[in-house]
Structures are given as C-alpha cells and as structure tokens.
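Data block below; observations after.
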Amino acid sequence: MGIMLDQLESLRLSLLKAVSDAASMGELEEIETKFLGRKGELTAILRQLGTIPVEERKVVGSRANEVKMEGEAAIADRRQVFATSAHAEIADTDWADVTEPGVRPPKGHLHPVSQAIREITKIFDHVGFSRVRHPEVDWDWFAFESLNMPKEHPARDEWETFFVDAPETKQGRMVLTPHTSNSQVRELLLGELPIRMINIAKCYRRQIDVTHVPVFHQFEGLYVDKDVSITHLRGVLDYFAKSYFGPDRVTRLRPHHFRFTEPSFEIDVSCGVCGGTGLLNGAKCRTCKRGWLELGGAGMVHPNVLKAGGVDPKVYSGFAFGWGIERTASMKSGTKLDDIRILYKNDIRFLEQF
Ligand code: FA5
C-alpha cells in the first residue's frame, strides 16, 4: 500500500507542477490526458489495486480520488486564468470606442442629366403637364409614318435611325426611337382629351461628334384641346424659360420646318451671358454671338397627326415641342461643353461639379 500511496503522491506533485508551468490551453489539455485520462498515469496506478489486500484498497482508492479531484481543480483554475487573459488581450487590441463618430461614406449626387429631368418634370407639372411614358423601342409607324413622314421621305434622313432586327409588321419595322415625338400619336390614341403631357425619354441616332451622342434624352410637350393657338405655345415656352433659366429670360420663335407640325418653329432663348444683346463689353458675346441660343423644335400639331391619333382636327388643335435635355441642361449651367460626350464618360472630376 505504501508504494502505491508514494506513487500517488509523486503523481500529484508532478501534475500540479505541470499545471502551473503550462503556457496555454493546449498544454493543459495534454496534461489532463497524460495524468488523468482513461489511459493516463492515474489509471495505470489504479490498475495495480488488485495486487494489494482488499482492506487496503479502500484507502488507496479514496486517496486516488482526492488526487484526481485536486488535479482537476488545479486544471480548471488555470483554464480560467488563460480565458480571462485571452479576453483582456482582445479588449486591448480590438476595442471599439462606441462614442467615436463613424466614418462617413462618400456621398454622391444625381447625374446632371437626371437632375435636369427632375427639374423639368416639376416645372411642367406646375402648369398641369403630367409626365407620361411611351416606348423607347417602337414601330416605324409611331416614329415616322403617323408623323407625316412616309417611307422613303427624305425628311427621315435627319433622324439617322437605328433599326431593330425584328420581323416587319403592318406598323413597319421596329426602331430605337430617334425622338420622343412617337409619343404624340400614342398619347392621342389613348383618347383622353384634353392632353397636357410631358414625355421624357431616351432617343437614339447614328451620330457621334462633339455635339451629338448616339443615346441622348429629349422632353416632348404636347397640348391638345379646343382652340389652342400659337399664343398658348409662346406662353408655355416663356414660362419654361423663366422657370428653368431665370426670370429675365425670354424665348423667340423662328420659322422652321417639321413634317409633323404646321407652322413649325425653332425656339431660341435669350442668352444669359449678354442679356440677349449679343454684345459683351463692346465685343461679340462668345457664348451666343447673336443674343440667342437655340433650344429646340416646336410647332402646331399637324392635322394629319391629329387624324392619325383619331382626333378631329376641325374640333381640336394643339402644339408640341421637343428639346434635347443634354443641350438644355448645359445651357442652364452655362457650361460651354466643348464636347457633349463628356457627360457620359463617368469622369467623377467633371460630374462632381454639378
Ligand atoms: C426633333 O427631334 C423633333 N422631334 C422636335 C420636335 C418635337 C419638333 C415636337 C416639333 C414638335 P431635332 O432633330 O431638331 O427635332 O432634335 C431636337 C433636339 O434634340 C436638338 O435640338 C438637340 O438638342 C437634341 N438632339 C438631337 N440629336 C442629338 C444627338 N445625337 N445628341 C444629343 N442631342 C441631340
């Protein structure tokens, strides 16, 4: 019995020393397995119990139990120490000051063309022109034929059109809309009169140079009612010019030709730089050269267009206008865009100025 008690005592001392020397949780695991595990040293000692008299076994057995409990307690204490210091380390290195102000993500803004679309929509909304939507991929009939431009008519050349490779129907081939005027007959066909609409959409033309991009935007106004006259057109245009460009701006109509309006006009707006005089400090204004800037087309809706939309031109009349958003927006900001394509180059240094 004495030998076994000695063995237990020596196991106890080695175990306690190993525990206090352990440098990590991993080492503690190994020590536990080595001394107290199923195939460990304590088990090995207890295997000899059968060799000693029965009455002594109880004494050795209960001593073995005490050693085991003391060892387990020492291991548990040491584990606790490691766990606490691990937390302390995380707190030291990974702490967060929850009262510290956050890092603000960079804040962008709408593209200048989107800003213009919003502003134009709002301005026309004030005088009862509601924004509508019509297709940006449409049949030749709506883009041209119903607008008094039959197939092969030379006027179509100005709308250098992209055709979609789709089967031809009674309404002709399918096109990427080269202007927003396809919305005129589409809106008329809805049959709800009077009409006061503003259609803002993408347009596509086979053009690219410093003043043209293949994908651009137009806004198309259409007013159809009884007794609509050119005076109404002027009133709306002036209202728009003053709201969008500034209260001192005015518009003028210049005779022009479109197949879908009669009479037709080019609309100019007085130059904001020289106040419409064409002169600045005794020299020619470099922005406009003549006091006026060209805005876009307009006119009184042609009777054939009203007819194509199922509206009787003897009862109803109307006006329409269609302008490029890119051009209108750059006229407002006063930015002389040497090259309109910069709007779509995604160059933040340019875009963040607006
Ligand atoms: C038209 O497209 C007519 N539908 C306008 C209209 C509507 C007249 C209703 C009468 C009644 P025009 O082809 O001139 O007209 O184009 C109008 C404007 O679109 C131009 O003044 C220009 O600002 C813009 N635009 C035309 N092509 C391009 C292009 N490739 N890139 C950028 N802007 C363009």
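The values are calculated or read from the model by the stated rules, or taken from the named source; none is laboratory data. These numbers come from a predicted model, not from an experiment. Methodologically, a virtual Cβ is constructed for each residue, glycine included, from the backbone with ideal geometry; neighbour enumeration extends over all protein chains shown. The accessibility values were calculated without ligands, DNA or RNA, using every heavy atom of the protein model including side chains. Shrake-Rupley method; radii C 1.70, N 1.55, O 1.52, S 1.80 Å.
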- Please determine, in degrees from 0 to 90 and to the nearest 10, the orientation of helix 112-126 with respect to the longest principal axis defined by the Cα atoms of the chain, where the helix direction is its Cα long axis. 60
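Normalising by the residue count of the chain, find the relative contact order in percent from Cα pairs under 8 Å and 6+ residues apart. Present the calculation step by step, with values, prior to reporting the outcome.
Details: 534 pairs, mean separation 49.2, N = 354.
The value is 14 percent.
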- Length gained if Leu351 through Arg38 is fully extended, taking 0.36 nm per residue and subtracting the Cα-Cα distance, is 105.3 nm
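Just want to confirm a number: the relative contact order over segment 2-93, from Cα pairs under 8 angstrom separated by 6+ residues, in percent.
Working: 52 pairs, mean separation 33.8, N = 92.
Worked out over segment 2-93, it gives 37 percent.
Evaluate the charge dipole of segment 209-354 about its Cα centre and quote only its size in Debye, nearest 20, assuming +1 on the Cβ of each Lys and Arg and -1 on the Cβ of each Asp and Glu.
Details: 19 positive and 16 negative charges, 74 e Å.
Dipole of segment 209-354, to the nearest 20 debye: 360 debye.
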- So which lysines can Lys226 reach, going by Cα to Cα under 24 Å and dropping same-chain residues fewer than 8 places off? Lys307, Lys314
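Ignoring ligands, DNA and RNA, what percent of the accessible area of the chain is carbon or sulfur (1.4 Å)?
Numbers: 10860 of 20190 Å².
C and S fraction of accessible area: 54 percent.
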- Nitroxide proxy distance, nm - points 7 Å out along Cα→Cβ at Asp77 and Arg206: 9.2
- Roughly how many Å² of Trp159 are accessible to a 1.4 Å probe, to the nearest 10? 20
- In segment 7-29, which residues have a backbone nitrogen under 19 Å from the label point lying 7 Å from Leu49's Cα in the Cα-to-Cβ direction? 7-12
- Item | Over 30 Å (Cα to Cα) - which of Lys284/Lys345; Lys202/Lys284; Lys170/Lys202 fall in this group | Lys284/Lys345; Lys202/Lys284
- Message: Compute the angle between helix 230-245 and the longest alpha-carbon principal axis of the chain, please, reported from 0 to 90 degrees and rounded to the nearest 10.
- Response: 40
- Which peptide among 114-125, 13-24 comes first, and what is the full order, when sorted by highest mean count of other Cβ atoms within 10 Å? 114-125, 13-24
- Query: Tell me which lysines have Cα within less than 18 Å of Lys289's Cα, excluding those fewer than 8 residues away on the same chain?
  - Reply: Lys332, Lys336
- All lysines inside 23 Å of Lys34 as judged from Cα atoms, apart from same-chain residues fewer than 8 positions distant: Lys17, Lys68
- Could you give the angle, 0 to 90 degrees to the nearest 10, between helix 54-94's Cα long axis and the longest principal axis of the Cα atoms of the chain? 30
- Item | Heavy-atom surface of the chain, accessible at 1.4 Å and reported per residue (Å²) | 57
